[in-house]
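*Asks:* Input: one structure, supplied below.
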Amino acid sequence: MPLQFHHITKQFTVQHQPITVLQDISLSLAPGELVAIIGSSGCGKSTLLRLAAGLEQAQQGSITIDGQLLTGIHPDVSLVFQEPRLFPWLSVKENIRLWMINLPLSAAQSEQQIAHYLEMMGLEDFANAWPHQLSGGMAQRVAIARGLA
Ligand SMILES: Nc1ncnc2c1ncn2[C@@H]1O[C@H](COP(=O)(O)OP(=O)(O)O)[C@@H](O)[C@H]1O
Ligand SMILES: [Mg+2]
């Protein structure tokens, strides 16, 4: 599943002034490849990830997955945010499940996936805990489990 950015240009408007955050960015990521995007604070790293996750739209250029145009959120792309962003009124398990509702999984398969990734994160004993009962690192691991699931 190559993920490709083709000549992406992204602008934001801040205080009525356009800011060009990404200009003519092209990048190709191969299956299984681990890539770090490094740059100064505010240079557009998160914006690039948010575009791939379908949370922003570029003014120019396109993104493809396996040659198919990405038009919004896609089940093969998940983003782990800088902050855990867990819903405080849902348990750990339900926080993960909520993000899986559009996946073609039976209830039993979802349950199994949730258990699998919680175990991977060392959080199997906290499936029914509330977000406020977690440490910062544990909350971030729930967010990673959610991204993987
Ligand atoms: N939703 C937004 N509205 C306006 N400006 C934004 C928005 N998101 C990001 N920006 C601006 O885009 C630039 C890049 O931000 P970002 O991609 O978050 O940077 P970083 O490389 O630190 O992750 C910054 O100048 C930021 O102010
Ligand atoms: Mg960032």
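The values are calculated or read from the model by the stated rules, or taken from the named source; none is laboratory data. Because the structure is predicted, anything quoted here is derived from the model rather than measured. Cβ sites come from the backbone with ideal geometry, for glycine too, and all protein chains shown count toward neighbours.
*Asks:* Considering only the stretch 33-53, I want to know if a residue exists there that is over 18 Å from the mean Cα position of the chain (by Cα), modelled with pLDDT of 95 or more, away from ligand 1 (no atom under 12 Å from the Cβ) and within 15 Å of Ile8 (Cβ to Cβ).
*Replies:* no
*Asks:* Could you grab the pairs with beta carbons closer than 7 Å, sequence gap of 6+ or different chains, first residue in the stretch 104-118 and under 16 Å from Pro75 (Cα atoms), second one aromatic (Phe, Trp, Tyr) and surrounded by 14 or more Cβ atoms within 10 Å (Cβ to Cβ)?
*Replies:* Within 7 Å, no pair qualifies.
*Asks:* Among the residues of the stretch 55-73, which ones are touching a Gly at 6+ places or on another chain (Cβ under 6 Å) and either touching a residue at least 24 places away in the same chain (Cβ under 8 Å) or closer than 30 Å to Leu134 by Cβ (or both)?
*Replies:* As a first pass, look at the stretch 55-73 and keep what is touching a Gly at 6+ places or on another chain (Cβ under 6 Å): 72-73.
Residue satisfying the conditions is Ile73 alone.
*Asks:* Going by the structure shown, is Ser110 over 28 Å from Leu3 (Cα atoms) and polar (S, T, N, Q)? Break it down into steps so the answer makes sense when it comes.
*Replies:* Values: over 28 Å from Leu3 (Cα atoms): no; polar (S, T, N, Q): yes.
No.
*Asks:* Here is a follow-up. Could you identify the single residue in Arg50, Arg97, Arg85 that is outside any loop (DSSP other than H, G, I, E, B) and not assigned by TED's automatic domain parsing to the domain that holds Leu27?
*Replies:* Numbers: Arg50 fails: not assigned by TED's automatic domain parsing to the domain that holds Leu27; Arg85 fails: outside any loop (DSSP other than H, G, I, E, B).
Just one listed residue meets the conditions, Arg97.
*Asks:* Criterion first (out of contact with any helix residue (DSSP H, G or I) (no Cβ under 7 Å at 6 or more places or on another chain) and either among the charged types (D, E, K, R) or within 25 Å of Phe12 (Cα to Cα) (or both)) does Ile101 satisfy it? Write out each step before concluding.
*Replies:* Values: out of contact with any helix residue (DSSP H, G or I) (no Cβ under 7 Å at 6 or more places or on another chain): yes; either among the charged types (D, E, K, R) or within 25 Å of Phe12 (Cα to Cα) (or both): no.
When the stated conditions are applied, Ile101 does not pass them.
*Asks:* Determine whether Leu79 is under 23 Å from Ala139 (Cβ atoms), surrounded by 11 or more Cβ atoms within 10 Å (Cβ to Cβ) and either in contact with a Leu (Cβ under 7 Å, 6 or more places away or on another chain) or polar (S, T, N, Q) (or both). Lay out the reasoning, then the answer.
*Replies:* Details: under 23 Å from Ala139 (Cβ atoms): yes; surrounded by 11 or more Cβ atoms within 10 Å (Cβ to Cβ): yes; either in contact with a Leu (Cβ under 7 Å, 6 or more places away or on another chain) or polar (S, T, N, Q) (or both): yes.
Taking the combined requirement at face value, the residue satisfies it.
*Asks:* I would also like to ask the following. Hey, does the stretch 18-36 have a residue that's part of a loop (DSSP other than H, G, I, E, B) and touching a strand residue (DSSP E or B) at 6+ places or on another chain (Cβ under 7 Å)? Write out each step before concluding.
*Replies:* First pass over the stretch 18-36, keeping only residues part of a loop (DSSP other than H, G, I, E, B): 30-36.
Filter again for touching a strand residue (DSSP E or B) at 6+ places or on another chain (Cβ under 7 Å), leaving 35.
Checked against the condition, which is being part of a loop (DSSP other than H, G, I, E, B) and touching a strand residue (DSSP E or B) at 6+ places or on another chain (Cβ under 7 Å), the stretch 18-36 yields at least one hit.
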